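Worksheet for the structure shown next.
The values are calculated or read from the model by the stated rules, or taken from the named source; none is laboratory data. Just so you know, these numbers come straight off a predicted model, no measurement behind them. Here the Cβ is made from the backbone with ideal geometry for all residues, glycine too, and neighbour counts use every protein chain on show. Ligands, DNA and RNA are stripped out before the accessible areas are found, and what is left, the full protein with its side chains, is counted by its heavy atoms. Shrake-Rupley method; radii C 1.70, N 1.55, O 1.52, S 1.80 Å.
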Amino acid sequence: MSSTPTIDVHAHLIPPKLVQILQKSGLKYGAHVGGSESAPTVRLEGSSWTKPIPLPLTRIDERIQTMDASGVDMQVLSSWIDFSGYTMPLQDGIAISELQNECIAEVAASNPGRYLPAGTVPLQDGEVAARMLERLVKDQGMRAVQVATYFGGERFLDHASLDPFYAAAQELGVLVLFHPYEENHPPGLGDYFLHNCIGYPLASAIALARMMFSGTFTRFPNLLCRFPHAGGYLPYQLARIRRAHEVRPEAKGRGFEGDPVDVLKRLYFDTVTQNPATVKFLADIVGYDRLMMGSDYPFDMMEYDPVSTVKQAVPVEYQEGVLGGTAARLLCRSPGCGCTSPRLFAQAAA
């Protein structure tokens, strides 16, 4: 039996403490709270109201029970993507990011054998985000940070102002957990839950393609990136992306001269697809060593049996890596991870 833990790299949490603080003194963090006690809604300054906070996001005991039932040993805890707050004034963005990081770190510290914390940073300002990321790593031992795709429609993840953040993440060896989000539904996606089931994979594909063609991945070749939902739509239209790069000057306008396939082979992807065949297709392109198990817990669109999806899609000789081995190495949960920080290595060896 393998001693490598099964690690879910795509899960979300709103700590109960965070909700309580926002209900009591949300304006201190640029947050307006509405709705009811049992179904609060939040409007971050500069944003619109969220839907009522899904209660499973706040239930910690229920989370452990679900993990046990599905064979998941550890979860990487990322905040609710709706709380990214990139359209907030900078000082509010700093405050809400610090509050989320503090609350998630406390939950992870309360059960370190089951939880790993992922931070959030105010990407309104790449320099500020870089400094906060450094503190998260050095002071709180975080090895992952969640990044949303939404900046209010005015900037995207390939914007040059984010380079200081990418440089810091690369230097610190932090795993960047990209996640789609759109506050305003694109035309045609406002009905039938299309903003999620089509819009979110599309947002991931757009982010990935923009970072590729802009040369972001070229400038930061050792940046550790995980894209969700098996890369959105991009891996499955990769031939079209390659053709655009071959024949269209727009796709080369920012200096990207590599092969899009080679870029994908440097990235990591989670297995949240609801379809083992999709996981196999992606693995044929990037290799099984670039896949990590995810669930998207606790939403109704989640993988309800993420371990089974991996076992159906992945040959036995690669299952340990996909189920947790690759994540353990990237998140410094393995003595062989190469981490040089005494605190982090002690954590890995525990």
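The alpha carbon centroids of the range 255-316 and the range 203-224 are separated by 17 Å. Computed with the Debye formula from one identical point scatterer per Cα of the range 67-170, without solvent, the log10 of I(q)/I(0) at q = 0.15, 0.18, 0.20 Å⁻¹ comes to -0.61, -0.84, -0.99.
Only helices enter the 222 nm calculation for the chain: every DSSP H run of n ≥ 4 contributes -39,500 (n - 2.57), and dividing by all residues gives -11500 deg cm²/dmol, rounded to 500. Entry note, the chain: relative contact order of 16 percent, from Cα contacts under 8 Å with a spacing of 6+ residues. For the chain, the carbon plus sulfur part of the accessible surface works out to 53%, probe radius 1.4 Å.
Given 0.36 nm per residue, what is the gain on full extension from Glu317 to Asp300 after removing their alpha carbon distance, in nm? Before the final figure, lay out each step's value.
On the way: separation 17, 0.36 × 17 = 6.12 nm, distance 3.10 nm.
Computed gain between Glu317 and Asp300 is 3.0 nm.
Under 5 Å from the amide H of Leu116 lie the amide H atoms of Gln75, Val76, Leu77, each residue being 5 or more positions distant or on a separate chain, with H modelled from the backbone and absent for Pro and chain starts. Both the radius of gyration and Dmax for the range 140-265 are 14.8, 47 Å, in that order, over alpha-carbon atoms. Label-to-label distance for Ile64 and Glu37 is 2.6 nm, based on points extended 7 Å past Cα in the beta-carbon direction. The residues of the chain have, on average, 43 Å² of accessible surface per residue, using a 1.4 Å probe with all protein chains present.
Give the cross-link partners of Lys311 among the lysines, using a straight C-alpha distance below 28 Å as the criterion and excluding same-chain residues fewer than 8 apart. Candidates past the 8-residue exclusion: Lys265, Lys280.
Our summary gives the range 123-272 a relative contact order of 23 percent, counting only alpha carbon pairs under 8 angstrom and 6 or more residues apart. Look at where the Cα atoms of the range 18-62 and of the range 105-150 average out, and the two centres are 20 Å apart.
When the chain is fully extended, how far beyond the present Cα-Cα distance does Arg155 get from Phe193, taking 0.36 nm per residue of separation?
Details: separation 38, 0.36 × 38 = 13.68 nm, distance 2.50 nm.
Result for the pair: 11.2 nm of gain on full extension.
Measuring r between the beta carbons of Arg210 and Gln274 and using R0 = 22 Å, the FRET efficiency lands at 0.25.
Using 0.36 nm per residue, how much length does the chain from Ala244 to Asp289 gain when fully extended, once their Cα-Cα distance is taken away?
Numbers: separation 45, 0.36 × 45 = 16.20 nm, distance 2.75 nm.
Gain in length upon complete extension: 13.5 nm.
Counting Cα-Cα pairs of the range 1-127 in 5 Å increments starting at 0 gives whole-percent bin shares of 2, 11, 20, 22, 18, 13, 8, 4, 1, 1, 0. 3J(HN,Hα) along the range 74-81: 9, 10, 8, 8, 10, 5, 5, 4 Hz, from the Karplus curve 6.51 cos²θ - 1.76 cosθ + 1.60 with θ = phi - 60°, whole Hz, x for Gly and Pro.
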